[in-house]
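Here the structure comes first, spelled out in C-alpha cells, and everything after it is commentary.
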Amino acid sequence: MDKLIIEGGIPLQGSIQVSGAKNAALPILMACLLAEGPVHLSNVPRLADIDTSLKLLNILGCETTFEGNEATSDCVDLKPEAPYDLVKTMRASVLCLGPIMARLGEAKVALPGGCAIGARPVDLHLRGLERMGAKFEVTEGYIKGKCKGRLKGAHISLDFPTVGGTQNLLMAASLADGTTTLDNAAREPEVVDLANFLNTMGAKITGQGTSVITVEGVTSLKGCEYRIMPDRIEAGTYMVAAAITGGELEILDCPFQELDAVTYKLREMGVWLQEEEGYVLVRRANGLLANVDVTTLPHPGFPTDMQAQLMALMCFGKGAGIIEEKIFENRFMHVLELVRLGADVRLKGRTAMVHGVNKLMGAPVMASDLRASASLVLAGLAAEGTTTIERIYHLDRGYENIEEKLSGVGARIKRVSE
Ligand code: UD1
C-alpha cells in the first residue's frame, strides 16, 4: 500500500491548478445513462472514483473512453443491475438508480453500506422516487425497484436537502411524464452543474441553485459535450495549504464564488485572499492566525467537506475555536491523528474544541477517509520534521496528482509503495 512522506515546514510558493470537481463528475457520469447518443465530457479529474464510475457504466451497458481529462460514454444497451462489488467501493454509485428507473422502469442496485463517516442511508432517494410511482423492496442487500410505465412527475418535499437524493431525483424527473417540483432541494454547486448538464442534453430544469427546483419531463435526452466545473473543495484545500505553511499560492481555475462560506472563515482567521482574472491569490495576512467557530451546514453554509482541512489550520490559530459537525455523525476521525502530531483538540459528540498550539511535530499517522487524509497532508506540510501518512488510497479518490501539485509549489512530499 502506498504511503506519503512529508518533510514539513516549507512555505508553499507558486501556482497550483484546480482540477475538475469529483462531486460534479460522479453524478454527471451517472446521468450519461439517460442519453441516447454519445456524451463527451472534459475537465474530468483522474481519480479512483472516476475509474469506478466508468467501470459501473460499462457494466450497465455503456461504451466508455477516458484519455487525459476527457471521458466519453455511449449508452448502447442499458442494463438494470448495479452489482455490490462496485457499489460498496463508492457510495455515489447509487446515483445510477434514478436514471435506470427512468429509462427501464426497473432496477436492481446494491444497497450502499455505511461508510467511515457515518451511516448515510438512501431513504430520501427512495421515498422521492416512490412519489413518482416507483415501488421498492430491499432484499438480499439490493434495492429492487419497479414501476408501471414511465415515472410520473410529482411534488416532492425533502426532509433534508440531501445532495445525492436531489441529484437522483433530478435525473429521474428529467425523463418522467409531467412536471416534478423538488422542495427543500440541495443548493450545492455540484447539483447546479448536474442540472446544467441535463439541460444541455435537452432536459427542462429551472430553479437549480435554489431550494425549489422544477423539472418538466421530456421523452428523451440526447448526447452532448460538457465541461465539468472546477473542484471547490480541492481549491479550498489549497487555500488552507498556503495559509498553514505561511506561503503564498496562486490558485488557478478557482471557483471563488462557490467558496464564500470558506473564504469568509479564512478571512476571519487572518488569511488574505484576492480574486484576479483566472486565479485567486492566498497568503497569511500578517503571520498570525486567530481561531474561529464553525458549523457545517448544507450549501451555502460551511461545507462538511472542508471541515477537516479547516481544523488542521485551526491547530495553529491563536486561542480556541469550536467546530460543530451537523451533516455527518462520525466525521471527526482526523482528530486523534492530529493529536498524534501534537494538536490540542477535544471532542464531545458532534463538537470539537480546538486550541491553537505553537507547533505540530511530524509523526506516522493513518488516513481514514478522503477529507481526513487531506487534513493530515496539510498538518504534515506545516509540522516540524517528517510525517508519514498511511492508507492514502482515500486521498487518491478525491485529489488529482496531489503530490505532484504540492511538490510543484515547493512541498517536500513523496509517495512510496510498499
Ligand atoms: C455528498 C458529497 C459528499 C458531501 C455531502 C454533503 C458526493 C459524491 N458526495 O454526499 O462529499 O460530504 O454531499 O455535502 O457528491 N441522508 C439521509 N437519507 C438520505 C440521504 C442522506 O439521512 O436518503 C443523510 C446522510 O446520512 C447525511 C446527510 O443526509 O447525514 C447528508 O447526506 P447527502 O447530502 O445525501 O450527502 P451525499 O450525497 O451522500
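Each reported figure results from applying straightforward, stated rules to the coordinates on display, with no laboratory input. Predicted model, so just to flag it, every value in this text is computed and none were measured. FYI the Cβ positions are ideal-geometry reconstructions off the backbone, even for glycines, and counts take in every protein chain you see.
Structure notes:
- The antiparallel fraction among DSSP beta bridges confined to the chain stands at about 70%.
- Computed over the range 5-160, Cα set: Rg, Dmax in Å: 17.8, 62
- At 1.567 mPa s and 4 °C, Stokes diffusion of the range 171-218 via Kirkwood alpha-carbon radius, µm² per second: 125 µm²/s
- Expressed to the nearest 5 percent, the antiparallel share of DSSP beta bridges inside the range 73-207 is 65 percent.
- Applying both filters, DSSP loop and at most 16 other Cβ atoms within 10 Å, to the GluC sites (Glu not before Pro) of the range 1-98 eliminates every site.
- Across the range 1-59, Cα-Cα pairs farther apart than 13 Å form 72% of the total.
- Net length gained if the chain between D183 and E140 were fully extended (0.36 nm per residue, minus Cα distance): 12.3 nm
- Dividing the convex hull volume of the alpha-carbon atoms in the range 376-418 by its residue count gives 79 Å³ per residue.
- In degrees, nearest ten, helix 232-245 long axis to first principal axis of the chain (Cα): 0 degrees
- The GluC sites (Glu not before Pro) found in the range 232-329 that occupy coil by DSSP, while having at most 16 further C-beta atoms within 10 Å, are E277, E329.
- Against the main long axis of the alpha-carbon atoms of the chain, helix 22-31 sits at an angle near 10°.
- Comparing G385, G164, G398 in a Gaussian network model of the chain where C-alpha atoms under 10 Å apart are linked, the largest mean-square fluctuation is found at G385.
- Positive-end residue, the range 181-268 charge dipole about Cα centroid, Cβ charges, pick of V192, V240, G217: G217
- Taking 0.36 nm per residue of sequence separation and removing the Cα-Cα distance, the E130/E225 pair yields an extension gain of 31.0 nm.
- Kirkwood analysis of the Cα pair distances in the range 139-234 returns a hydrodynamic radius of 14.0 Å.
- Computing Rg and the Kirkwood Rh from the Cα coordinates of the range 269-418 gives a ratio, Rg/Rh, of 0.95.
- Cα-based Rg / Dmax (Å) for the range 195-347: 18.6, 59
- Put in line by how crowded their Cβ is, counting other Cβ atoms within 10 Å and starting with the fewest, S220, S53 read S220, S53.
- The mean sequence distance of close C-alpha pairs (under 8 Å, at least 6 residues apart), as a share of the length of the chain, puts its relative contact order at 21 percent.
- Annotation: the residues D253, D231, sorted from fewest to most other C-beta atoms within 10 Å of their own C-beta, follow the order D253, D231.
- Beta bridges per DSSP, both residues in the range 228-340: antiparallel share near 75 percent.
- Residue exposure sequence - S42, S375 - by fewest surrounding Cβ within 10 Å: S42, S375
- Computed Kirkwood radius, in angstrom, where 1/r is averaged over Cα pairs of the chain: 21.8 Å
- In the chain, the longest principal axis of the Cα atoms and the axis of helix 48-59 are about 10 degrees apart.
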